[in-house]
Structures are given as C-alpha cells and as structure tokens.
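Undergrad: Take a look at this one; I'll ask things after.
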Amino acid sequence: MLKDKVAVITGAGQGIGRAIALQFARQGARVAVCDLNSDNAAAVAREITDTGAEAIAVKVDVTNEEQVLEMVAECMLHFSRIDILVNNAGIIQTGPFLKISAEAWDKVMAVNLRGVFSCCKAVFPVMQRQNGGRIINIASIAGKRGGGILGNSCYAASKGGVIAFTKGIAREGGPYNINVNAITPGYTDTEMTSSLTLKQRDAVLQMVPLGRAGKPEDVAAAACYLASDYAAFITGEIMDVDGGLMMD
Ligand SMILES: NC(=O)c1ccc[n+]([C@@H]2O[C@H](COP(=O)([O-])OP(=O)(O)OC[C@H]3O[C@@H](n4cnc5c(N)ncnc54)[C@H](O)[C@@H]3O)[C@@H](O)[C@H]2O)c1
C-alpha cells in the first residue's frame with residue numbers, strides 16, 4: 001500500500017505513533033521514527049529494521065523549532081524525500097480549567113498545536129518541491145466535544161486548533177497535490193489513557209456503540225488509508241476513529 005514511500009512520524013516511540021510506524025513499515029514504507037524519548041524511538045526503529053524494512057530513529061522535541069528543522073534535515077539526508085508526515089506527538093492535560101495554570105496551558109499548546117504547525121512548516125516546502133505529499137494530523141474527538149473524561153477543555157482546545165489548522169492548510173496544499181487530513185481518535189488504550197480508573201474507562205466505553213476501547217492499530221489502519229493512493233481525492237477531512245461514539 002505504501003511501497004517505498006518515506007514517512008516521518010512524530011511521537012512514534014510508543015502508543016498510537018508506534019503502531020502507525022509499524023503498520024506503515026509493514027506496508028512497504030521507509031520510516032523515520034521521531035520522538036522526544038530517543039530510547040523508545042530507537043527501540044521502535046529496531047523493531048522495524050529487524051523485519052527487514054527500513055527505519056531510522058530521530059530524537060526531536062516538537063516544541064523546539066530548531067530541532068524540528070534538524071529532524072527534517074536528517075530525514076532528507078537519509079531518504080532524500082518525504083512523502084508522508086504524521087503529526088502524532090501529543091500530551092494530555094486533565095482537570096477543571098480553573099485549576100490549570102497558564103504554564104500548563106502553554107505547554108499543551110506548544111506540544112499539541114504549535115508542534116503540528118512547526119512540523120508542517122518544515123515539511124511543506126519539501127512536499128511543494130516534490131509536487132505531492134500527505135499530512136495526517138492526529139487530533140482527538142475532544143477537539144470536537146470540548147473535552148470530557150478523556151481530557152479537559154485545555155487539551156480539547158489544542159485539538160480543536162489542530163482540526164481548524166488541518167482544514168486551513170488542506171486549502172493551501174491543494175495546488176501542490178498535498179493532501180492534509182486529521183484523525184480524531186476516541187478512547188484508545190495507550191499509556192496516555194492508563195491513568196483512568198476502571199470505573200472511568202467503563203463509563204466511556206458505555207457510550208461507544210462498538211462497545212470496546214480503540215487499539216492503537218485501529219488508528220494506524222486509518223492513517224495507512226489516508227496515506228495511501230486510495231485516499232488521493234480526500235483532503236481537509238476529519239476522520240473519527242472512535243467505535244461510533246461521535247455519530248449524530
Ligand atoms: N490514547 C487516546 O485515547 C487518544 C485519543 C485521542 C487522541 N489521541 C492522540 O493521539 C496521539 C498519540 O497519543 P498516545 O495515546 O499514543 O500517547 P502516548 O503518551 O502513549 O504517546 C505520545 C508520544 O508522544 C511523545 N511526545 C510527547 N511530547 C513530545 C514532544 N514534545 N516532542 C516529541 N515527541 C513527544 C511521547 O514521548 C510519546 O512517545 C496524541 O496526539 C494524543 O493526543 C490519543
């Protein structure tokens with residue numbers, strides 16, 4: 001499905017990003033596993049290369065514009081092109097907004113929203129030169145609902161920003177054959193959601209028509225589709241991967 005495509009995936013050291021990296025590699029992509037946690041990034045890259053596929057690990061803090069530019073330079077040095085960018089790195093912030101400090105607000109926005117902006121800004125010119133590319137932003141249903149049990153209004157605001165930004169640059173990417181889409185996962189079992197009590201988890205799952213939690217692989221499958229030729233005419237789309245939770 002993604003034979004010889006070069007994919008840059010942020011936050012790929014664990015959870016959803018790791019599942020996307022492994023799935024892309026299985027589909028024939030050459031993958032840059034990028035994460036703040038360099039040990040995890042290296043471990044995922046090794047998992048991929050052990051299967052005979054191609055991967056490199058890149059340490060990056062997406063809140064640092066210089067490091068983002070270095071990440072792109074390293075990927076270009078190694079692969080000479082970038083076909084797919086998956087902006088997946090993210091952090092959660094829970095609790096009522098009255099208890100959230102301005103510093104905590106800034107941190108969430110810096111990772112979840114400005115990080116997406118910086119990575120898109122660094123990769124977009126490469127894709128413009130290639131006259132093509134795919135950008136997939138991992139937002140959240142919290143960005144549509146305004147939070148809830150999965151995160152507070154602050155996390156939701158960052159993800160709502162990602163949704164709006166996705167549509168905005170989808171328009172700018174059109175003339176260059178750059179498709180930009182977002183995935184809005186529902187509750188997915190990863191380290192990010194591991195702090196929820198079983199009771200909270202059950203309460204969420206009761207609202208899910210398919211009656212189960214998402215797996216990182218569910219999100220990876222959607223990302224794979226959006227990165228593939230099958231999704232050539234899809235741009236500016238915000239795709240729920242949530243077991244039906246958000247259906248009208
Ligand atoms: N798990 C869910 O239920 C859920 C639901 C909706 C959306 N999401 C979104 O999916 C994405 C992945 O979440 P996950 O559940 O796999 O979380 P996770 O915490 O398991 O993984 C997040 C990864 O991002 C990396 N990261 C964090 N800050 C970074 C930074 N500044 N620079 C580079 N890398 C950084 C971490 O090191 C980690 O490897 C996030 O954007 C999250 O908001 C998750």
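Undergrad: So, in the range 169-202, how many residues would count as being surrounded by 13 or more Cβ atoms within 10 Å (Cβ to Cβ), part of a helix (DSSP H, G or I) and either out of contact with any Leu (no Cβ under 8 Å at 6 or more places or on another chain) or of a type in the set (A, V, I, L, M, F, W, C) (or both)?
TA: Result for the range 169-202: 9.
Undergrad: Which condition breaks for Val62 when tested against (1) surrounded by fewer than 22 Cβ atoms within 10 Å (Cβ to Cβ); (2) β-branched (Val, Ile, Thr); (3) within 9 Å of the ligand (Cβ to nearest atom)?
TA: Of the numbered conditions (1) surrounded by fewer than 22 Cβ atoms within 10 Å (Cβ to Cβ); (2) β-branched (Val, Ile, Thr); (3) within 9 Å of the ligand (Cβ to nearest atom), the odd one out for Val62 is (1).
Undergrad: While we're on this one: Give all pairs with beta carbons closer than 8 Å in which a residue from the range 193-213 that is touching a residue at least 24 places away in the same chain (Cβ under 8 Å) meets a residue that is of a type outside the set (Asp, Glu) and surrounded by fewer than 10 Cβ atoms within 10 Å (Cβ to Cβ); count only pairs at least 6 apart in sequence or on separate chains.
TA: Sorted first by the residue in the range 193-213, then by its partner, the pairs are Pro209/Met247.
Undergrad: When the range 146-168 is examined, which residues are found to be within 11 Å of the ligand (Cβ to nearest atom) and either touching a His at 6+ places or on another chain (Cβ under 7 Å) or assigned to a helix (DSSP H, G or I) (or both)?
TA: Tyr155, Ala156, Ser158, Lys159, Val162
Undergrad: Identify the single condition in (1) in contact (Cβ under 8 Å) with a residue 60 or more places away in the chain; (2) outside any strand (DSSP E or B); (3) over 16 Å from Thr63 (Cα atoms) that Phe124 does not satisfy, given that it satisfies every other one.
TA: (1)
Undergrad: Follow-up question, since we're still on this one. Output the number of residues of the range 1-47 satisfying the condition of being touching a residue at least 40 places away in the same chain (Cβ under 8 Å) and among the charged types (D, E, K, R).
TA: 4
Undergrad: Which residues, taken from the range 23-40, are farther than 14 Å from Ser118 by Cβ, under 15 Å from the mean Cα position of the chain (by Cα) and within 12 Å of the ligand (Cβ to nearest atom)?
TA: Correct list: Val33, Asp35.
Bear in mind that the values in this text are calculations on the coordinates, not laboratory data. These numbers were taken from a predicted model, which means no experiment stands behind them. FYI the Cβ positions are ideal-geometry reconstructions off the backbone, even for glycines, and counts take in every protein chain you see.
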